[in-house]
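Structure first, commentary second.
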Amino acid sequence: MANKIDRVPVREQDPKVRATNFEEVCYGYNAQEAQLEASRCLGCKKPRCVDACPVGIKIPAFIHQVLEGDFRAAFGTISEDSSLPAICGRVCPQETQCEGSCILGVKGQPVSIGKLERFVADYAREQGEKAEDCHKQSSGAKVAIVGSGPAGLACASDLAKLGYDVTIFESLHKAGGVLTYGIPEFRLPKKAVVEKEIQNLLDMGIKIETDVFVGRTVTIDDLMDKEGFKAVFVGTGAGLPLFLGIPGENLNGVFSANEYLTRNNLMQAFSKDSDTPIFQARKVCVVGGGNVAMDAARTALRLGSEVTIVYRRSEKELPARAEEVHHAKEEGINFQLLTNPVEVLGDENGWVRGIRCIRMELGEPDESGRRSPVPVEGSEFDIEADALIVALGTKINRLIADTTPGLETDRKGRLVTTETATSRKGVFAGGDVVTGAATVILAMGEGRKAAKAIHEYLKG
Amino acid sequence: MFKITGKKQLTPLIYSLEVEASRIAKSAKPGQFLIVRPTENGERVPLTICDYDAEKGTVRIVVQIAGVSSNKICKMNVGDFLCDVAGPLGKPSEFMDIPYEELKNRRYLFVAGGVGAAPVYPQAMYLHKAGAHVDVIIGARNKDLIIMEDEMKQACSNLYICTDDGSKGEKGVVTLLMERLGNNYDMCVAIGPMIMMKFATLTAKKLNLPITVSLNTLMVDGTGMCGACRVSVAGKTMFACVDGPEFNGYDVDFDEAMRRQTLYRKQEQEANAAAGLEFKR
């Protein structure tokens, strides 16, 4: 029988303290808390949470193992379906996936599945547990993975388990894609979590070659024709930042969230040991309402700026995870909702001095089902700021498509696939490069699907 | 890790390094650049590719000490390893699209400012070998900043040198020589400091000579991901790293590009001071 207690709260760093450091916000459960939370699970016969998980983790099974205190077994269960549980436990939008479909959520609070996953993964890492590997059943054929983000890592992991000889090519100097350059330390620790999970993949025999920008350093055709790769998975993501298209966006002090976050996460600009500079603004304006906007805003706050998020719809429509919005507010980020920038204002030397905004109101629902914002005439006002960070999303870099003859794309540059197979024989794709900008876990799900398809293709 | 296999001091502040980077050596083309991260805590520094040898698997880069990172790179010696060398980045020069046989009928004028001689060299050499008529102007503030004179002579028909102070070659700036040579070319290519490329473009305009410039903007990843390198070209925002680095000079908003280069000037000066580096501007 399930324990009818309230959800076990998770310990977090005090908002006032954490607003000045880059340490992880959430401490996670300890063993006792995890077991108590696990006792809430109803162990549904037809678990809706599993259906809602993009990689189909056997959630009730691992939660039952946690309840019994067999954390090692729980890790084994999760590892059957996910190669990066410490990461997913931290960054998945559980409220719209597993937890969003938990039956307990109908009347009360769902089981804290994400925090339990994180606990199991952290426990296993600290105990030095490694996922059971390899039911080797294949020829060991060479497979190339382009991009070491979530899609590529998940695909590589599954292929390695099947016995393939896998090499990941990464254009930056560090593997991880958005996990490394995009998501900040305070949400996803790099050394303790990301690097360790990637190390697990290396221990499985996966090779990672950094500093290789596929399309420029080497082409997909070269990899297949000259280097003997029998199949290629393209998981290059959607990396090109969008800008506003309003006057003043090239003034000094306007940054893409990608640049701002890359300087701080990948290049560690917040550390005094790093040679990479980051702009020290007094007042920062962040445009956008997604997770990336929250990450940029909270990074700027930690670097000592006063931060305002400007978003054109209302709070209800914020695409960021509820937890991130809640954390941002706790830390003292200001929100200007139903507001849209119309011009970046510059001083006489071309540096940002403010953002001219206009108030918005919600009109009729658009094709996404959300009510579309409409400007309120004559409502312009200025926000004082010396930096503007643009977090309006990203689009796809066309380099791979442009340098790989016969690779079909759609109007937006996304690779066209059928069950992860592209229009080129032996070339598969998944993640943001196929779907457009989405989440870590969706990309991982696509990467795993592609691994299955590649296996089918290679065993002929 | 990328091993340094050769090092030569060209002037008191400029060094040439040969680095083992077999993938880049095989794929580099004139007009492209690379990014070096010297050490674990180092910056990603965009640098021009001066030469490449596919057989030996090496590339040559030429670096001028202008701050903490370039100083780190220049202090490294043969046998040392650069943490990262990524590339080739950016689009190859436009003339790489012209059928090789047609190049022999073409006339090119290259204008190199200081260390800009390094990226000019592989372009001039490619065209010279293809039988094009190639003239090169190298200009710098003084003789200590003139590099690659002997090699450049092998890559062109005529080499002209000028210095601001007259310590080598003709006294004066590159635009003076451009005006004298006049519009006797199909295309001019200018590579050097932004201010030089701006004035070279103004002169080319006056001469009604088409001009290509190679923009050395700020960059982080160099793969189109950050947009730090964005420039206005014909009124449109472009990324120097993936849309360039070469653009039609007539279309570039040089004043904006120069202003954007100063974004971290304060931090750079503080870092230089902390490292005991001093530069005369």
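Using the alpha carbons of the protein assembly as shown, what is the convex hull volume per residue in cubic angstrom, as a whole number? Mind showing how you got there, number by number?
Numbers: hull volume 126.8 nm³, N = 741.
With only Cα atoms used, the protein assembly as shown gives 171 Å³ per residue.
What trypsin sites (Lys or Arg not before Pro) does the stretch A:70-153 have in DSSP loop regions with at most 10 other beta carbons within 10 Å? Walk me through the intermediate numbers first.
Numbers: sites: A:Arg72, A:Arg90, A:Lys107, A:Lys115, A:Arg118, A:Arg125, A:Lys130, A:Lys136, A:Lys142; in loops: A:Lys107, A:Lys130, A:Lys136.
Loop-located and lightly packed - A:Lys107.
So what are the ³J(HN,Hα) numbers for the stretch A:198-203, from phi and the Karplus equation (6.51, -1.76, 1.60; θ = phi - 60°), rounded to whole Hz, Gly and Pro as x?
Values per residue, Gly and Pro as x: 5, 4, 4, 5, 4, 5 Hz.
In the stretch A:3-60, which GluC sites (Glu not before Pro) fall in coil by DSSP and have 15 or fewer other Cβ atoms within 10 Å?
Here the GluC sites (Glu not before Pro) that fit, given the DSSP loop and packing criteria, are A:Glu23.
Antiparallel versus total DSSP beta bridges in the protein assembly as shown: what percent is that, nearest 5? Intermediate results must be reported in sequence, preceding the final value.
Working: 56 of 111 bridges.
Looking only at bridges with both residues in the protein assembly as shown, the antiparallel portion is about 50 percent.
Over 24 Å between Cα atoms, which of B:Lys8/B:Lys266; A:Lys142/A:Lys174; A:Lys142/A:Lys452; A:Lys45/A:Lys196 qualify? Mind showing how you got there, number by number?
On the way: B:Lys8/B:Lys266 31 Å; A:Lys142/A:Lys174 22 Å; A:Lys142/A:Lys452 15 Å; A:Lys45/A:Lys196 35 Å.
Too far apart for the 24 Å limit: B:Lys8/B:Lys266; A:Lys45/A:Lys196.
Any idea of the total accessible area buried by the B-A contact, 1.4 Å probe, rounded to 100 Å²?
Interface area, both chains combined: 3500 Å², rounded to the nearest 100.
What residues does the stretch B:214-235 have that are buried by at least 40 Å² of accessible area in the full protein assembly compared to the chain on its own, 1.4 angstrom probe?
Residues meeting the cut-off: B:Val220, B:Thr223, B:Met225, B:Cys226, B:Arg230.
Collect residues whose amide H, placed 1.01 Å from N in the peptide plane, falls under 5 Å from the amide H of B:Thr237; neighbours closer than 5 in sequence don't count.
For B:Thr237, no residues qualify.
Evaluate the distance, in nm, between pseudo-label points positioned 7 Å from the Cα of A:Glu315 and of A:Asn3 along their respective Cα→Cβ axes.
3.2
Could I have the simple spin-label model distance between B:Gln9 and A:Lys191, label points 7 Å from Cα toward Cβ, reported in nm to one decimal?
3.7
Stokes-Einstein diffusion coefficient for the stretch B:1-70 at 25 °C in a medium of 0.890 mPa s, Rh from the Kirkwood formula over Cα pairs: what value in µm²/s?
Values: Rh = 12.4 Å.
For the chosen part, D equals 197 µm²/s.
For the stretch A:147-173, list residues with backbone N below 19 Å from a point placed 7 Å from the Cα of A:Ser139 toward its Cβ?
A:159-167
Given H placed 1.01 Å from N in the peptide plane, which residues other than close sequence neighbours of A:Thr409 have an amide H under 5 Å from its amide H?
Those qualifying (amide H under 5 Å, at least 5 residues apart or on another chain) are A:Val416.
D for the stretch A:241-394, whole µm²/s, Stokes-Einstein with Kirkwood Rh over alpha-carbon pairs at 10 °C and 1.306 mPa s: what number?
Value of D from the Cα-based Kirkwood radius: 101 µm²/s.
Calculate one ³J(HN,Hα) per residue across the stretch B:161-172 by plugging θ = phi - 60° into the Karplus curve 6.51 cos²θ - 1.76 cosθ + 1.60, and present them in order as whole Hz with x for glycine and proline.
Once θ is set to phi - 60°, the couplings for the stretch B:161-172 become 10, 9, 10, 4, 9, x, 6, 8, x, 7, 7, x Hz.
At 1.4 Å probe size, with every protein chain present, just tell me what the per residue accessible area of chain A comes to in Å².
On a per-residue basis, chain A sits at 41 Å².
Take every DSSP beta bridge with both residues inside the stretch A:241-394 and express the antiparallel ones as a percent of the total, to the nearest 5. The partial results should precede the final answer.
On the way: 16 of 32 bridges.
In the stretch A:241-394, approximately 50 percent of DSSP beta bridges are antiparallel ones.
What is the percent carbon and sulfur in the accessible area of chain A, measuring with a 1.4 Å probe over the protein chains and ignoring ligands?
Solvent-exposed carbon and sulfur of chain A make up 49 percent of the total.
Suppose each label sits 7 Å from its Cα in the direction of the beta carbon; what would the A:Lys329-A:Asp225 distance come out to in nanometres?
Simple spin-label model gives 5.8 nm for this pair.
Per the Debye formula with a single identical scatterer at each Cα and no solvent contribution, what log10 I(q)/I(0) holds for chain B at q = 0.15, 0.16 Å⁻¹?
-1.20, -1.38
Scan chain B and note any complete DSSP helix (H) whose C-alpha atoms cover at least 15 Å along its axis and whose Kyte-Doolittle average is -1.0 or more.
B:117-129, B:194-206
Could you do me a favour and compute the accessible area per residue for the stretch B:98-184, 1.4 Å probe, result in Å²?
Details: 3730 Å² over 87 residues.
Ligands and nucleic acids excluded, the figure is 43 Å² per residue.
Compute the separation of the alpha-carbon centres of the stretch B:235-278 and the stretch A:63-82 and state it in Å as a whole number.
Answer, in whole Å: 52.
Residues of the stretch B:21-41 with accessible area at least 40 Å² lower in the all-protein-chain context than alone (1.4 Å probe)?
SASA drop of 40 Å² or more in the stretch B:21-41: B:Arg23, B:Asn41.
Can you list residues whose amide H is under 5 Å from A:Ile145's amide H, if they're 5+ apart or on another chain and H is modeled 1.01 Å from N?
A:Thr167, A:Ile168, A:Phe169, A:Phe233
Give the range of the longest stretch in chain B that excludes all GluC sites (Glu not before Pro) found in loop regions by DSSP and having at most 14 other beta-carbon atoms within 10 Å.
Numbers: sites that count: B:Glu40, B:Glu55, B:Glu278.
It works out to B:56-277.
Just checking the output field for A:235-245: average partner chain Cβ neighbours within 10 Å of each residue's Cβ?
If you average over the peptide's residues, the count of other-chain Cβ atoms is 2.
Compute the FRET efficiency between A:Asp410 and A:Asp51 as 1/(1 + (r/R0)^6), taking r as their Cβ-Cβ distance and R0 = 25 Å, and round to the nearest 0.05.
Working from the Cβ atoms, E equals 0.30.
Please find, in a Gaussian network model of chain B (springs between Cα atoms separated by less than 10 Å), the residue of B:Thr262, B:Thr201, B:Thr175 whose mean-square fluctuation is greatest.
B:Thr262
Along each of its three principal axes, how wide is the spread of alpha-carbon positions in the stretch A:2-126, in whole angstrom units, largest first?
46, 32, 27
Taking θ as phi - 60°, what are the ³J(HN,Hα) couplings along the stretch A:295-300 by the Karplus curve (6.51, -1.76, 1.60), each to the nearest whole Hz, with x for Gly and Pro?
Ordered by residue, 3J(HN,Hα) equals 4, 5, 4, 6, 5, 4 Hz.
The values are calculated or read from the model by the stated rules, or taken from the named source; none is laboratory data. On a predicted model such as this, the values are computed, not experimentally measured, just so you know. Cβ coordinates were reconstructed from backbone atoms using ideal geometry, including for glycine residues, and neighbour counts include every protein chain displayed. For accessibility, only protein heavy atoms count, side chains too; no ligands or nucleic acids. Shrake-Rupley method; radii C 1.70, N 1.55, O 1.52, S 1.80 Å.
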